[in-house]
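Down below is the structure, laid out as structure tokens.
The values are calculated or read from the model by the stated rules, or taken from the named source; none is laboratory data. As the structure is a prediction and not an experimental result, all values here were calculated from the model. Here the Cβ positions follow ideal geometry from the backbone for every residue, glycine too, while neighbour counts run over all protein chains shown.
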Amino acid sequence: MIAPVGENSSGSWTLPPSAGPTDYDIIATAFTDALSAYNIDRSRTYLWGFSAGGYVAFDLVLNNYNSVVKADVLAAYSVNSAEILGLACTSSTGCNQLLAAQARRVPVDMHVGTMDSPHLAPAQADHARLLAHGWVDGSTVFYTEFNGGHTYTGQLAGAWQSVCGFALTP
């Protein structure tokens, strides 16, 4: 497991483009280091992000910023309290174009609390948007609303259950 934390003030992320290395570069380096140091089944690499980390996960997967952590190499990913709109794309039209252009419908697990007011309605919209662009409930998208707020406590087991069965096939 690799668990990066944003390097900017207050734990936020240094995003591309940037004059220096971004947190995306740091995540890619951590993945590369782990893959070279350990006997990891490359067909079973996953990504998970909570809140701002979930925004970054959507961005990495949907926009393919680097060759290490992207749609082509991840078996699946999971986000909690995060949305596609805002970082991966900046408008509804842009999000629809981005999703329509995906060569692969990477399986995604989404969790959001029913009392997480800033994220609930956008997560619901993202779920509908994914379905409209070829993801399938219970197959390539797993959407869960839980009783609670902006937290991942109690959600990790469900996220793992959704993504652990996926593997890339050559």
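Scanning segment 87-125 for residues that are closer than 13 Å to SER51 by Cα, touching a helix residue (DSSP H, G or I) at 6+ places or on another chain (Cβ under 6 Å) and surrounded by fewer than 22 Cβ atoms within 10 Å (Cβ to Cβ) returns a single hit, LEU87. Going by what's in this entry, would TRP160 be described as within 15 Å of the chain's Cα centre (by Cα), closer than 16 Å to TYR77 by Cβ and surrounded by 16 or more Cβ atoms within 10 Å (Cβ to Cβ)? Here the answer is no, as TRP160 does not meet what is asked. Within segment 125-153, no residue that is farther than 16 Å from LEU85 by Cβ and in contact (Cβ under 8 Å) with a residue 40 or more places away in the chain sits with its Cβ atom under 6 Å from a residue that is aromatic (Phe, Trp, Tyr) and part of a loop (DSSP other than H, G, I, E, B) at 6+ positions apart or across chains. Screening the candidates VAL106, VAL56, VAL73 for the property of being modelled with pLDDT under 95, of a type outside the set (D, E, K, R), under 29 Å from THR29 (Cβ atoms) and not in a helix (DSSP H, G or I) yields one hit, VAL73. Can you say whether ALA82 is among the hydrophobic types (A, V, I, L, M, F, W, C), under 26 Å from ALA3 (Cβ atoms) and without any contact (Cβ under 8 Å) to a residue 60 or more places away in the chain, as far as the supplied structure shows? So ALA82 fits the description; yes. Output the residue which, of all residues in segment 6-39 that are touching a helix residue (DSSP H, G or I) at 6+ places or on another chain (Cβ under 8 Å) and surrounded by 16 or more Cβ atoms within 10 Å (Cβ to Cβ), is modelled with the lowest pLDDT. Only one residue fits best here, namely GLY6. Among the candidates ALA82, ALA128, the residue that is surrounded by fewer than 15 Cβ atoms within 10 Å (Cβ to Cβ) and aliphatic (A, V, I, L, M) is uniquely ALA128.
When segment 124-151 is filtered for residues that are β-branched (Val, Ile, Thr) and not in a strand (DSSP E or B), the ones remaining, listed by number, are VAL136, THR140, THR151.
Screening THR93 with (1) in a helix (DSSP H, G or I); (2) in contact (Cβ under 8 Å) with a residue 12 or more places away in the chain; (3) of a type in the set (Ser, Thr, Tyr) gives one miss only, at (2).
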